[in-house]
1. Can you find, among Ala10, Val84, Val69, the residue sitting farthest towards the positive end of the charge dipole of the range 6-150, where Lys and Arg contribute +1 and Asp and Glu -1 at Cβ?
2. With charges only on Cβ, +1 for K and R and -1 for D and E, what is the dipole size of the chain about its Cα centre, in debye, rounded to 20?
3. Quick one: if the Förster radius is 22 Å, what FRET efficiency do Ile85 and Trp138 give, using the C-beta to C-beta distance and rounding to 0.05?
4. Enumerate by residue number the GluC sites (Glu not before Pro) in the range 19-64 meeting two conditions: DSSP loop (anything except H, G, I, E, B), and at most 13 other Cβ atoms within 10 Å of the site's Cβ.
5. Using a 1.4 angstrom probe on the protein heavy atoms only, line up Ser137, Ser88, Ser54 by accessible area, largest first.
6. Can you figure out the FRET efficiency of Glu172 with Glu72, using R₀ = 35 Å and their beta-carbon distance, to the nearest 0.05?
7. By its C-alpha gyration tensor, with a ≥ b ≥ c as the square roots of the eigenvalues, how is the range 30-88 shaped: rounded for a/c under 1.5, else prolate for a/b larger than b/c, else oblate?
8. Rounded to a whole number, what % of the accessible area of the chain do carbon and sulfur atoms account for, probe 1.4 Å?
Amino acid sequence: MSGWTTAETALRDHPVRDVLVPGLLDRDGEFPEFRPQPLVVWLRLDEGLLRFESAGQYDRLDTASVPGVEWEGVELLAEAEDEVIVASYGEQLFGDGRDALRCTRLRVYRVPGADDTACTCLALDFEGGHTLFLDPSWTFGIRIGNASDEQRWLTLYGAGGAALVAEVTLPEKA
């Protein structure tokens, strides 16, 4: 896994088609129920995927470009007794019916004491005014939120020294 620059590089050239979240399909109850387990989250691009993983002591967001969805190495999912499936969250997060959204800007946040190349949280702004905020320090994996979740995180951790360490505006493709 590598740092947030992997996301920057991929998002310069590829629009996002969907947000994919793994989880367990619990068939034991009255009806099958999907139980999200977002220890990893994928952005489906027009070509390939970006994989985000809650890493370290769940205080770092690792990023990698990958060819497909797999959860090998994510113990909870790899050893699950229930069926593991991936759910599409794109419509829920972006809700505008587009086939793909171009990322226009990203913001990288870091807490004090983190490695200089580490990304604690990542905010991605998309055309149409949508923001996707990825926070790996959530108890259950990666909290997938929006601009208000980014502001809430800044309110909670900004006073403790968490700071914006990089902001990159991505150019429109010609």
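1. Result: Ala10, furthest along the dipole toward the positive end.
2. 740 debye
3. The pair Ile85/Trp138 has a calculated efficiency of 0.60.
4. Working: sites: Glu30, Glu33, Glu47, Glu53; in loops: Glu30, Glu47.
For GluC sites (Glu not before Pro) across the range 19-64 that sit outside H, G, I, E and B with at most 13 neighbouring Cβ atoms in 10 Å, the list reads Glu30, Glu47.
5. Numbers: Ser137 50, Ser88 75, Ser54 10 Å².
So the residues, ranked largest to smallest area, are Ser88, Ser137, Ser54.
6. Given R0 = 35 Å and the Cβ-Cβ separation, E is 0.45.
7. Oblate, since a/c reaches 1.5 and b/c is not below a/b.
8. Heavy-atom surface of the chain belonging to carbon and sulfur, 1.4 Å probe: 46 percent.
The values are calculated or read from the model by the stated rules, or taken from the named source; none is laboratory data. Note that the structure is a prediction, hence the values are computed from the model and not measured. Positions of Cβ are generated from backbone atoms using ideal geometry, with glycine treated the same way; all protein chains shown enter the neighbour counts. With ligands, DNA and RNA removed, areas are computed over all heavy atoms of the protein, side chains included. Shrake-Rupley method; radii C 1.70, N 1.55, O 1.52, S 1.80 Å.
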